[in-house]
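I have placed the structure first, in the form of structure tokens, so that the comments after it can refer back to it.
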Ligand SMILES: [Mg+2]
């Protein structure tokens with residue numbers, strides 16, 4: 001019987017073979033040479049995992065169906081609220097995250113993994129400037145419907161100010177509405193990823209009908225902790241909100257669960273060592 005690692009390496013090699021076939025490919029953000037791609041065959045478990053989850057995001061019908069499901073639920077909620085006569089005159093807002101909530105950036109994760117690297121700010125900034133992220137299934141239609149119903153859309157993202165021009169180009173080209181300075185609330189100079197203050201700013205003038213995100217911190221500050229048990233407990237606290245006020249999109253590629261698991265943002269080698277330790281302790 002093959003060990004999990006043998007299966008893992010086999011899967012990674014298969015993915016790399018697929019990526020070299022033009023008609024059956026996995027998108028690689030930016031430019032990666034075949035030589036760099038071959039280096040990827042000896043990659044870390046963290047990066048191999050990101051390559052595999054990127055393949056799932058780009059190629060599986062299941063990922064598309066899950067995104068569509070989230071946007072179907074959001075659409076039902078939107079139509080119910082805006083057609084209810086009791087809500088007449090209300091100033092509704094929808095708060096949404098951007099990355100892995102309305103667009104898929106997995107091509108950049110593939111680009112990084114094939115170079116043997118995890119997330120890097122400079123590469124991320126370049127990816128944002130390329131404006132090549134693709135829309136998630138159902139996202140554009142949902143936000144265009146909300147726009148047509150007079151609902152304000154606030155894009156509360158932890159992309160930085162420097163990423164704004166590329167992001168605007170990208171979202172406009174994809175057909176997202178209300179892509180302008182008023183509705184873009186990016187991370188400010190403090191570089192805090194806590195979105196509480198930005199949500200509060202929206203609440204000063206609007207009622208928030210729903211929030212969309214892939215990271216639980218997109219919904220409430222209670223999830224912005226590096227403690228897996230507390231995050232799990234908070235899911236129970238907010239159990240009734242998911243699929244109602246909170247619309248969650250799937251993201252197996254990255255998220256706040258990583259620093260919660262790793263106790264912060266260690267170097268890639270330390271992340272890999274931690275992952276191997278967790279696998280070993282699971283086997284014992
Ligand atoms: Mg996100």
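The values are calculated or read from the model by the stated rules, or taken from the named source; none is laboratory data. Note that the coordinates shown come from a computational prediction; the quantities given were computed from them, not determined experimentally. Backbone-built Cβ (ideal geometry, glycine too); neighbour counts: all protein chains shown.
Observations on the model:
- Residue 134 vs. criteria out of contact with any strand residue (DSSP E or B) (no Cβ under 7 Å at 6 or more places or on another chain) and surrounded by fewer than 19 Cβ atoms within 10 Å (Cβ to Cβ): no
- Residues of segment 257-284 satisfying the condition of being within 19 Å of the chain's Cα centre (by Cα) and surrounded by fewer than 11 Cβ atoms within 10 Å (Cβ to Cβ): 264
- Taking the criterion of being without any contact (Cβ under 8 Å) to a residue 24 or more places away in the chain, more than 19 Å from the chain's Cα centre (by Cα) and assigned to a loop (DSSP other than H, G, I, E, B), the residues of segment 145-201 that qualify are 180, 190.
- Flag: residue 7 does not match the condition of being part of a helix (DSSP H, G or I), touching a helix residue (DSSP H, G or I) at 6+ places or on another chain (Cβ under 8 Å) and at pLDDT below 95.
- Among the residues here, residue 28 qualifies as under 26 Å from residue 165 (Cβ atoms), modelled with pLDDT under 95 and either buried (at least 19 other Cβ atoms within 10 Å of the Cβ) or within 16 Å of the ligand (Cβ to nearest atom) (or both).
- Enumeration of residues in segment 71-102 that are within 16 Å of the ligand (Cβ to nearest atom) and either surrounded by fewer than 20 Cβ atoms within 10 Å (Cβ to Cβ) or in a loop (DSSP other than H, G, I, E, B) (or both): 97, 98, 100, 101, 102
- Scanning segment 209-237 for residues that are assigned to a helix (DSSP H, G or I) and crowded, with 17+ Cβ neighbours inside 10 Å returns 216, 217, 218, 223, 231, 234.
- Test: residue in segment 112-126 that is part of a helix (DSSP H, G or I), closer than 23 Å to residue 82 by Cβ and within 16 Å of the ligand (Cβ to nearest atom): no
- Checking each residue in segment 209-233 for being more than 11 Å from the ligand (Cβ to nearest atom) and closer than 21 Å to residue 68 by Cβ picks out 209, 210, 211, 219.
- Test for residue 73: is it modelled with pLDDT of 60 or more, farther than 20 Å from residue 273 by Cβ and in contact with a strand residue (DSSP E or B) (Cβ under 7 Å, 6 or more places away or on another chain): yes
- Of the residues contained in segment 265-284, none is found to be more than 26 Å from residue 81 (Cα to Cα), within 16 Å of the ligand (Cβ to nearest atom) and at pLDDT 95 or above.
- When each of 199, 169 is tested for being within 12 Å of residue 97 (Cα to Cα) and at pLDDT 95 or above, the lone residue that passes is 199.
- Residue ID - farthest from the ligand (Cβ to nearest atom), chosen from residues in segment 238-256 that are outside any loop (DSSP other than H, G, I, E, B) and either touching a residue at least 60 places away in the same chain (Cβ under 8 Å) or buried (at least 16 other Cβ atoms within 10 Å of the Cβ) (or both): 241
- Selection from segment 96-124 of residues that are out of contact with any helix residue (DSSP H, G or I) (no Cβ under 6 Å at 6 or more places or on another chain) and farther than 21 Å from residue 51 by Cβ: 96, 98, 101
- Candidates are the residues of segment 257-284 that are without any contact (Cβ under 8 Å) to a residue 24 or more places away in the chain and part of a loop (DSSP other than H, G, I, E, B); the one that is nearest to residue 225 (Cα to Cα) is 265.
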